1. Those residues that are surrounded by fewer than 12 Cβ atoms within 10 Å (Cβ to Cβ) and either in contact with a Ser or Thr (Cβ under 8 Å, 6 or more places away or on another chain) or among the hydroxyl-bearing types (Ser, Thr, Tyr) (or both), I need them from the stretch 76-106; list them, please.
2. Restricting the stretch 7-47 to residues that are assigned to a strand (DSSP E or B) and within 24 Å of PRO76 (Cβ to Cβ), which is modelled with the lowest pLDDT?
3. How many residues, within the stretch 107-123, are surrounded by 15 or more Cβ atoms within 10 Å (Cβ to Cβ) and under 11 Å from the mean Cα position of the chain (by Cα)?
4. So, of the residues in the stretch 26-44 that are open to solvent by 40 Å² or more (accessible area, probe 1.4 Å) and of a type outside the set (A, V, I, L, M, F, W, C), which turns out to be nearest to the chain's Cα centre (by Cα)?
5. What are the residues in the stretch 48-94 that are touching an Asp or Glu at 6+ places or on another chain (Cβ under 6 Å) and at pLDDT below 95, if any?
6. Among the residues of the stretch 102-117, count how many are out of contact with any strand residue (DSSP E or B) (no Cβ under 6 Å at 6 or more places or on another chain) and either within 18 Å of VAL52 (Cβ to Cβ) or at pLDDT below 95 (or both).
7. For the stretch 45-69, enumerate the residues that are open to solvent by less than 60 Å² (accessible area, probe 1.4 Å) and in contact (Cβ under 8 Å) with a residue 60 or more places away in the chain.
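The values are calculated or read from the model by the stated rules, or taken from the named source; none is laboratory data. The structure presented is a predicted model; accordingly, all values stated were derived computationally and were not measured. As a convention, Cβ positions derive from the backbone with ideal geometry for all residues, glycine included, and neighbour counts pool all protein chains shown. Surface accessibility is based on the protein's heavy atoms, side chains included, excluding ligands, DNA and RNA. Shrake-Rupley method; radii C 1.70, N 1.55, O 1.52, S 1.80 Å.
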Amino acid sequence: SEHAYAVVLAGGSGTRLWPLSRDGQPKQFLKLGGDRTLLQQCVDRILPLIPVERVIVVTNTEYESVVREQLPEVKPENIIAEPEKRDTALAMAVGSLLAKHRDPEAVVTNLASDHVLNDPEAYRHCCRLRSK
């Protein structure tokens, strides 16, 4: 749909996959299950359905430079760096508000950037079914 947006949640504290994941290196920035990081894989999965211009990444200031480095295809104005770590619902709301500001008819999909999905085509198939 021409009104579809993806909000990618890329905050996280790096405490759940210790010792690989730790402060400053949460799991979404690690290469697990592929040759690209989980964050990159997340965006790669959705790009066949949603153009990169409508991908919004919400992170925090601590990780902003890593997000920019790992996702050079995402425009800087589509990367929101929160000054403090808050909860997931707030991050989803901030990304959704930006999408709605740009397009009053925006339909937003929120995506966690720290998941391993081994069958991206099956994932996209499910997304297509949900959007009908």
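1. The answer is PRO83, and nothing else.
2. Checking each candidate, the answer is GLN25.
3. Count: 6.
4. Here the answer is ASP44.
5. Within the stretch 48-94, ASN60, ALA81 qualify.
6. Qualifying residue count, the stretch 102-117: 6.
7. Those that are open to solvent by less than 60 Å² (accessible area, probe 1.4 Å) and in contact (Cβ under 8 Å) with a residue 60 or more places away in the chain: ARG45, ILE46, LEU49.
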